[in-house]
1. With only alpha-carbon atoms in the gyration tensor, what are the semi-axes of the equivalent ellipsoid for the chain, in Å, largest first?
2. Label-point separation (nm) for His79 and Lys34, each offset 7 Å from Cα along Cα-to-Cβ?
3. Please give the contour-minus-distance gain from Lys41 to Arg18: 0.36 nm per residue of separation, less the Cα-Cα distance, rounded to one decimal in nm.
4. Given an 8 Å cut-off on Cα distances and at least 6 residues of separation, report the relative contact order of the chain as a percent.
5. Among the listed pairs Lys16/Lys41; Lys22/Lys78; Lys5/Lys68, which are separated by more than 32 Å between their Cα atoms?
6. Compute the distance in nm between two label points, each set 7 Å from the Cα along the Cα-to-Cβ direction, one at Lys9 and one at Ala53.
7. To the nearest 20 Debye, how big is the dipole of the chain about its Cα centre, given +1 on the beta carbon of each Lys and Arg and -1 on that of each Asp and Glu?
8. Just from its helices, what would the mean residue ellipticity at 222 nm be for the chain, if runs of 4 or more DSSP H residues each count -39500 (n - 2.57) and the sum is divided by every residue, rounded to the nearest 500 deg cm²/dmol?
Amino acid sequence: MANHKSAIKRIRQSEKRRLLNKYFHKTTRNAISKLRSLTSKKEATALLPKVVAMLDKLTKRNIIHKNKSSNLKSKLTKHVNAMS
């Protein structure tokens, strides 16, 4: 167990941050899978910018790597554009 007040506070903060990061990451993954499962191009086109914004926020917060974010955005855009 931590011996200093600052270390105890740091443990509390890091646990809060971990749970928030986990929530944001899971929400984004759910949005990606929802986008992939859509069949209507109109709905997918409307959802794509929201998913891209979510990925950008994850990248900004260092939850995922910027290259992973770029790869996902590229694949999702191709997927939406290929719809008929």
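1. Values: eigenvalues 256, 27, 12 Å².
Listed largest to smallest, the semi-axes of the chain are 36, 12, 8 Å.
2. For the pair His79/Lys34, the computed spacing is 1.4 nm.
3. Working: separation 23, 0.36 × 23 = 8.28 nm, distance 3.53 nm.
That works out to 4.8 nm of additional length.
4. Working: 35 pairs, mean separation 25.7, N = 84.
It comes to 31 percent, rounded to a whole number.
5. On the way: Lys16/Lys41 38 Å; Lys22/Lys78 27 Å; Lys5/Lys68 37 Å.
Beyond 32 Å between Cα atoms: Lys16/Lys41; Lys5/Lys68.
6. Calculated label separation equals 3.4 nm.
7. Values: 23 positive and 3 negative charges, 68 e Å.
Taking the Cα centre of the chain as origin, the dipole is about 320 debye.
8. Details: 3 runs with 70 residues, N = 84.
My calculation for the chain gives -29500 deg cm²/dmol from helical runs alone.
None of the figures in this text is laboratory data; all of them are computed from the coordinates on show. Predicted model only: the values in this text are computed from it and were never measured. Ideal geometry is used to build each Cβ from the backbone, glycine not excepted, and the neighbour counts take in all protein chains shown.
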